[in-house]
Amino acid sequence: MSTPSAPEGRYASFEAFYPYYIHEHSNRTCRRIHVVGTFLVISAFVAFVATRNAWWLLAMPLLGYGFAWVGHFFFEKNRPATFKYPLWSLMGDFRLFFETVTGKRRF
């Protein structure tokens with residue numbers, strides 16, 4: 001399977017980017033680690049709302065990026081897309097999470 005390529009090195013839309021994002025997460029363990037990390041980010045946000053303790057806000061990117069980067073560097077063995085597409089990668093993380101928890105994508 002070939003990597004979806006971006007026209008002129010950049011994607012014009014999130015919908016065009018998402019197949020690339022999914023390709024960069026073809027390793028099942030990497031995807032699982034992303035889903036767990038995204039769940040922990042959501043949990044940290046809920047904890048912040050419940051406690052109004054700002055430390056939970058600091059925990060959110062540490063949990064999200066920490067889990068994602070372990071998945072990429074140790075299992076997927078590629079460079080996280082967040083370095084080039086930070087917003088779309090974040091959107092991709094949440095879409096992957098919701099596709100997984102709703103059963104549209106295998107865990």
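The values are calculated or read from the model by the stated rules, or taken from the named source; none is laboratory data. This one's a predicted model, so the numbers in the text were calculated from it and none came from an experiment. A quick note on method: Cβ atoms are made from the backbone with ideal geometry, for glycine too, and the neighbour counts reach across all protein chains shown.
Of (1) part of a helix (DSSP H, G or I); (2) buried (at least 18 other Cβ atoms within 10 Å of the Cβ), LEU58 satisfies all except one. Which?
Every condition holds for LEU58 apart from (2).
Residue by residue through segment 1-18, note down the ones that are at pLDDT 95 or above and at positive phi.
none
Using the structure shown, decide if TYR21 is modelled with pLDDT of 95 or more, aromatic (Phe, Trp, Tyr) and buried (at least 17 other Cβ atoms within 10 Å of the Cβ).
yes
Among the residues of segment 77-97, write down those that are among the basic types (Lys, Arg) and farther than 21 Å from PHE39 by Cα.
Across segment 77-97, the qualifying residues are LYS77, ARG79, LYS84.
So, in segment 96-107, how many residues would count as being within 20 Å of TYR65 (Cβ to Cβ) and surrounded by fewer than 17 Cβ atoms within 10 Å (Cβ to Cβ)?
1
Quick check, is ARG28 touching a Phe, Trp or Tyr at 6+ places or on another chain (Cβ under 8 Å) and either modelled with pLDDT under 95 or of a type outside the set (Phe, Trp, Tyr) (or both)?
no
Among the residues of segment 86-95, is any surrounded by fewer than 17 Cβ atoms within 10 Å (Cβ to Cβ) and at positive phi?
Checking segment 86-95: not a single residue is surrounded by fewer than 17 Cβ atoms within 10 Å (Cβ to Cβ) and at positive phi.
Has segment 86-103 got at least one residue that is of a type in the set (S, T, N, Q) and touching a residue at least 24 places away in the same chain (Cβ under 8 Å)?
Looking through segment 86-103, at least one residue is of a type in the set (S, T, N, Q) and touching a residue at least 24 places away in the same chain (Cβ under 8 Å).
Please pick out the residue among PHE67, PHE75, PHE97 that is in contact with a Cys (Cβ under 8 Å, 6 or more places away or on another chain), assigned to a helix (DSSP H, G or I) and of a type outside the set (D, E, K, R).
On inspection, the qualifying residue turns out to be PHE75.
Cβ contacts < 8 Å: first residue in contact (Cβ under 8 Å) with a residue 24 or more places away in the chain, restricted to segment 33-59; second residue not in a helix (DSSP H, G or I), any location; separation 6+ or different chain. Result?
HIS34/HIS25; VAL35/PHE107
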